[in-house]
1. Return yes or no: is residue 191 farther than 20 Å from residue 508 by Cβ and within 16 Å of ligand 1 (Cβ to nearest atom)?
2. For residues that are at pLDDT 95 or above and assigned to a strand (DSSP E or B), scanning just the stretch 218-228, find the one that is nearest to ligand 3 (Cβ to nearest atom).
3. Can you confirm whether residue 196 is over 20 Å from residue 508 (Cα atoms) and more than 20 Å from the chain's Cα centre (by Cα)?
4. Please state which one of 203, 193, 231, 197 is outside any strand (DSSP E or B), more than 16 Å from ligand 2 (Cβ to nearest atom) and under 23 Å from residue 334 (Cβ atoms).
5. Name the residue, out of 487, 554, that is among the basic types (Lys, Arg) and surrounded by fewer than 18 Cβ atoms within 10 Å (Cβ to Cβ).
6. Name the residues in the stretch 449-496 that are modelled with pLDDT of 95 or more and part of a helix (DSSP H, G or I), would you?
7. Is there a residue in the stretch 396-415 that is part of a helix (DSSP H, G or I), away from ligand 3 (no atom under 16 Å from the Cβ), of a type in the set (Lys, Arg) and in contact with a Ser or Thr (Cβ under 9 Å, 6 or more places away or on another chain)?
8. Of the residues in the stretch 435-457, how many are touching a residue at least 40 places away in the same chain (Cβ under 8 Å) and loosely packed, with under 12 Cβ neighbours inside 10 Å?
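The values are calculated or read from the model by the stated rules, or taken from the named source; none is laboratory data. Fair warning: this is a prediction, and the values are worked out from it, not measured in the lab. When we count neighbours, we look across all protein chains shown, and the Cβ atoms used for this are built from the backbone with ideal geometry, even at glycine.
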Amino acid sequence: MSVNFDVNYYKQKYLFGKSNKELAELLRYIAYSLELKKQDYFRIIAYKNAADALESYPVEIYDLIKNNEDFEIENIGKIIKQKLIEYCKNGYSLEIAEILSGIPITVFLLTKVRSIGPKKAYRLVETFKLYNPDTVYEDLLTIAQQGKIKVLEGFGAKSEESIIKAIQTYLSFSKQSRILLSEADKIAGAIIKWLKKLDSIEKIDVLGSIRRRYETVGDIDIAVVSKNNQKIIDHFVNYPNKVKIENAGTNKASIILKNNIRVDIRIAEKSKYGSMLQYFTGNKIHNINLREHALRLGYSLSEYGLKDIKNNRLIYFSDEKDLYHFLKLQYIPPEIREGNEEIEKALVNNLPNLITASDIKGDLHIHSNFNTKTVYDLGVSSLEEIITKAINLGYSYIGIADHNPQHSLSEQEVKKILTERRRFYDQIIYSKNIEQFKVFIAIECDILPNGELAIPHSCIEYLDYLIISVHSSFEQDKDTMTKRLVKALEYPNVRILAHPTGRLINKRPAITADWDKVLSVCKTKDIAVEINSNPLRLDLPFELIKKYKSKGVKFIINTDAHDCQSMEFLKYGVDIAKKGWLTKDDVVNTKSLDKIDLWLTGKK
Ligand code: DGT
Ligand code: CA
Ligand code: CA
Ligand code: ZN
């Protein structure tokens, strides 16, 4: 029995939305559908790769298609591109509908739960007749809790337990409605572009959590300077992607976009713009602390300026910096306005000189498309493409850190893969012949549940350095996890602990570990703690970065890119490093090529 593909349901639930993220999701459903229908393997992979590429593409292709602009995205071939264009233009594609037909919608919905792939989802849906899309997660949870899954062939108690946990996590995260910073950037960028169509806009900036570069965003805030408020408000509330106007006044308005995302706009006169930026950027604690500080100096702070309490005179600020200076403070960058002793430090001229994106000299955690026979996804870009991208980004070096060959392979086989890879890479590097640029060859190696590394000891010497990270058994208790990490850090050639907490924002919680212990081992062994720039990870989180910077731990900002486009996400890692109060000296990949070479390999 199968429930037929229902376009209306998809449309209603915005499964077929128009953002890159939603279109990528559609491509993934197509891949799953092909997989379940046992279609050609390469066709399936093509859709999966296209989905990954689209998700990390910085411009909304829907907008491009609507404007009849062409686009080229690596890993999206002609056929898939044509389908996307047809779908975006008409809001519907018969061909896509055909591919998806016969697979119950609930199968796709279940694949959103970690640890449930399309085959498992299909089996569960058909076995338990889970055809109601509105309750499928709760229905499956009940069935699992009743012990009905463990008796199925190929499932067992352990897998039932992990399904229960995964659904619970999914349900608790999906109730939270905060979006990722990278998604907020895209939405805000599109609105700013829309607003800039009016020439009466003199200045425009984001405010609130986006301006602070906070990891998730509740609603989007935008500030504008203009002489013609009414025109701006009218244009803003006419934004094509809105679903509702929440309110529209004379100097502010709010609209709601689909998925219930709210956008607030505020308009100020040029002479008061600095006050407004300041007032609507800091988090609540920063704002309260600053107001108290101003009061101590005899001023009352508002969105319009500082009122001198003695004579009731209002002092305006067109530039935010002047406001901080007037209050006898160093300028406090938005990223650190989180209510974390920044005002005390600014008062005594003691704020750190925060790192900037241009300080970064290379990215040392990139995945290429070389087949290392790993159990994880390979990268999709070739070494040539990665090198070209790195040079465009102005880097002096990169580190290719493909996943380790699967653990079940023999020592002999692993050696063979690693030597072949090095030979293959060496040829490319030799033929490119780039001066003052170096490619390091590394592996991102799994930390096994018992703390051993998933690569034979004898193979470590074939690599310039090792990155280690947890990719399984995330739920170990604190003590086991701590011992596991400490043991792994003791291996030779380990230089980087990658995405240390393993969290996926809104998807998977952080592991629990005694970070005092783990990171002090990193410090002793001069191992860098990664700040993973993937907007879904942003790991180590900024609160921990700040805490361990003060204990002398060193960091490295990497992208973990699986396609060369995603190497551009490094700026998110830099944002998070700023939020953790880091300076250039706290981050190892600000070092010059000679110095990083020495640091990585210990050789001159
Ligand atoms: P979010 O939206 O949850 O990601 O976080 P924010 O920080 O963007 O918070 P939001 O949108 O509520 O407020 C935007 C900014 O305006 C934020 O800097 C706090 C500030 N703000 C909002 N309402 C008030 C208020 O009544 N008083 C003061 N002092 N500040 C406010
Ligand atoms: Ca906000
Ligand atoms: Ca707001
Ligand atoms: Zn990686």
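1. For residue 191, the condition - farther than 20 Å from residue 508 by Cβ and within 16 Å of ligand 1 (Cβ to nearest atom) - is met.
2. Restricting to residues being at pLDDT 95 or above and assigned to a strand (DSSP E or B), the top hit is 221.
3. On the way: over 20 Å from residue 508 (Cα atoms): yes; more than 20 Å from the chain's Cα centre (by Cα): yes.
Yes, satisfied.
4. 193
5. Details: 554 fails: surrounded by fewer than 18 Cβ atoms within 10 Å (Cβ to Cβ).
Checking each option against the conditions leaves just 487.
6. If the condition is that a residue be modelled with pLDDT of 95 or more and part of a helix (DSSP H, G or I), then 478, 479, 480, 481, 482, 483, 484, 485, 486, 487, 488, 489 are the ones that fit.
7. yes
8. Qualifying residue count for the region: 1.
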